[in-house]
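Please read the structure below before turning to the comments.
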Amino acid sequence: MNEKKTSYNLLIGVFALIAVVLAVGIAGYLVAKPRPVTIQGEAEATEYRVSGKVPGRVEQFFAKEGDMVCKGDTLVLIDSPEVRAKLAQARAARDAAVALSTKAANGATSEQIQGAYEMWQKALVGEEIAEKSFARVQRLFEQKVISAQKRDEAEAQYKAAKATSAAAKSQYDAAVKGARAEDKAAAAAQVSRADGAIMEVEGYLDELYLTAPASGVISATYPKQGELVGTGSPVMTVTDLDDMWFTFSIREDMLNGLKTGDMLKVRIPALGNDTEYETKVSYISVLASYATWRATQDTGDYDARTFAVKSVPVGRIEGLRPGMTAIVTNR
């Protein structure tokens, strides 16, 4: 009886030992089993910065953060008194240029022409008197009645009167003919230049209204209403939700032959853990720095470099927003 009991206890001990060995082996296997690698990335989208060419003060916002806008919608009004002042100056300069051009095209007035004619006639009378005086002095000189100096003075007065008459005739002819072609062309060019200045300033006026460069959502607003903004300073950011992708940083020993055009299934925790979405790899490129996780082998064979992988959703993913986490499920 005692022998049977001893054999029974011995059998139980053997089974218990086997169970312990199996439990330790299973536990060791589970501990030593490599954990599945999780490849994690995030959603990104194309962003457009809304900025203007003209410095000024933010007068009014027509959209706020979170609003959906369409391409061409007016978003911000910038107030710039300097631009309005320049427009007034440009218009005044054009009015002056038009007046000069009109004067050059029309020529002298009838009063100016009549005045030039009378001055010419007066000069003719003076020339005639000077000519007769010179003729009398010349006869007296030939008769040796007067000196040569008197004769020379009379001749000089005659020549001066003749030159004055010719100048008056030229002034009259110019008044009748009007401005020269060169003067008219110069005046017309001044008008064109003034028109160009007005167009330039009006173009700056258009820049006071900042519009959406693309359809999307207003994701950020930088200045507050009433604040000053400089040339090129961003005022808003428009995010195009129709142009989104996922970016992953994958160590090279985990690429496993991944190439452009391959399909990746991703899970987006923010949209539910059970749904997988199809994406297509569109871009693979090495990053500038080395990975700092660990060496590829325990002996430290070499450091694995990290590659940026861009993957684009095959279809639109409702509710997807930039910054959401994406996890690859099929690598």
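Brief remarks on what is shown
- One chain, two ends: residue 278 and residue 243. Fully extended at 0.36 nm per residue, the span grows by 11.0 nm beyond their Cα-Cα distance.
- Peptides 222-230, 241-249 ranked from most to least packed give 241-249, 222-230, packing being the mean of other C-beta atoms within 10 angstrom over each peptide's residues.
- A simple packing score, the average count of other Cβ atoms within 10 Å per residue, orders the peptides 156-163, 63-70 as 156-163, 63-70, with the highest score first.
- Per atom type, segment 216-293 shows carbon and sulfur on 49% of its accessible surface, probed at 1.4 Å.
- Ranked by how many other beta carbons lie within 10 Å on average, peptides 258-267, 306-315 from highest: 306-315, 258-267
The values are calculated or read from the model by the stated rules, or taken from the named source; none is laboratory data. Keep in mind that what you see is a predicted model, and the values were worked out from it rather than measured. Neighbour counts are summed over all protein chains in view; Cβ atoms, including those assigned to glycine, are modelled from backbone coordinates with ideal geometry. Quick note on the areas: whole protein, heavy atoms, side chains included, nothing else; ligands and nucleic acids left out. Shrake-Rupley method; radii C 1.70, N 1.55, O 1.52, S 1.80 Å.
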